[in-house]
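Here the structure is laid out as structure tokens; the discussion comes afterwards.
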Amino acid sequence: MDQQKLIALLMQREYVPGEWLSAQLGVTRDGVRKAVEELRQAGWAVESAQGRGYRLVAPENAVWPSRIRARLRTSWAGRRIDYFDQTGSTNQIARELGAQSPELAPHGTLVVADEQTAGRGRMDRTWQSRPGASALMSLLLRPRALPPAEATNIVLIAALAVCDACRSFGADALIKWPNDIVCGGKKLCGMLLDMSADMDVVRFAVVGVGLNISDCPRSPELTHAGCLEEAAGCALDRAEVIARFLEAFERYYDLWVQSGPPAILAPYAARCVTLGSRVRVAGLNDAFEGEALRVTPDGSLAVRTDDGLETIVRAGDVSVRGVMGYV
Ligand code: ATP
């Protein structure tokens, strides 16, 4: 009996029927009972309820699929949820799932981890996190007929979704173009888009989100990091935050599919702290200042430089900072 597989199955739902476990594990109902008993002896709290099945008792605040599902109202986002106590990068796992068939890893598959040891940011930067203190997750998407040049829209949708999720808990969250969530000048969240594409179409995309919830890394170089609980002024359940994110993501994604980029650009602009501000745009080799004017339908930023000319900067190429500070 593969004990890890049994634990993973029990983490999927609050109550897991013995019959389903026996089909998944390829053992008899008696075999399941024996395996559950062994888990109990190894220290796991497994309850059993007549007619409902087994329940693996989750620690408070755990980001197990069972806890996320119990709070989730979506039709496709989070349809499949894979959980890891610890992993290198959730984006890496979601990419591997993306390469599998859509039947096995459908549109909306979520990979979530309690701890990430090799989190990445844009342009090969690192995403640091403290175990058990954040939402570390990647959503696998299988867009229909999306040209690679328009994939940045997915980042805008993710930024909107995290921003709305944070606001639903009372935080005054805003978006720093393209995909950072800030509150009171502090960065709560970073995002990373990975994709696999042919010349003219995206095969699948993975959007990774690292959101500081109860704490943020205290390393000296992260002077502008903050966390959601501080911003909201109350203790939060991480599974609840993830569920709110998935719901908002599904809503904005469906709106984008039905009505096109303008439908998401308006709410994005309403939450974007960058627009109308004087910004410093830093590329790999040069930097300039100007006024951020608008976000274009492909997710780029239009900036007016001091000579009055308009420059379009693409999300993947630059870092944008406020001239007075991080935002
Ligand atoms: P920026 O405009 O902040 O430079 P970016 O969008 O280019 O951001 P990201 O890919 O979002 O960068 O994230 C990587 C950067 O975020 C790191 O270089 C680091 O400065 C910062 N960072 C890393 N971990 C955290 C964290 N837990 N909380 C806040 N900031 C972090």
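Data overview
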read-out: Matching residues in region 122-138 - criterion: being among the hydroxyl-bearing types (Ser, Thr, Tyr) and either surrounded by fewer than 19 Cβ atoms within 10 Å (Cβ to Cβ) or more than 6 Å from the ligand (Cβ to nearest atom) (or both); value: Thr126, Ser134, Ser138
read-out: Cβ pairs under 7 Å, 6+ apart, first in region 258-282 and at positive phi, second open to solvent by less than 30 Å² (accessible area, probe 1.4 Å); value: Gly276/Ala292
read-out: Strands (runs of 3 or more DSSP E) wholly inside region 128-196 that include at least 3 residues being under 25 Å from Ala292 (Cβ atoms); value: 174-176, 180-183
read-out: Condition check for Cys189: without any contact (Cβ under 8 Å) to a residue 40 or more places away in the chain, within 14 Å of the ligand (Cβ to nearest atom) and closer than 23 Å to Ser138 by Cα; value: yes
read-out: Residue list for region 81-112, filter: touching a residue at least 40 places away in the same chain (Cβ under 8 Å), under 28 Å from Pro217 (Cα atoms) and either in contact with a Phe, Trp or Tyr (Cβ under 9 Å, 6 or more places away or on another chain) or buried (at least 20 other Cβ atoms within 10 Å of the Cβ) (or both); value: Ile81, Tyr83, Ser89, Thr90, Asn91, Ile93, Ala94, Arg95, Leu110, Val112
read-out: Residue selected from region 291-325 under the condition outside any strand (DSSP E or B) and under 22 Å from the mean Cα position of the chain (by Cα), by the criterion surrounded by the most Cβ atoms within 10 Å (Cβ to Cβ); value: Gly299
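The values are calculated or read from the model by the stated rules, or taken from the named source; none is laboratory data. Since we're looking at a predicted model, the values are computed, not measured. As a convention, Cβ positions derive from the backbone with ideal geometry for all residues, glycine included, and neighbour counts pool all protein chains shown. Side chains included, ligands, DNA and RNA excluded: accessible areas come from the protein's heavy atoms. Shrake-Rupley method; radii C 1.70, N 1.55, O 1.52, S 1.80 Å.
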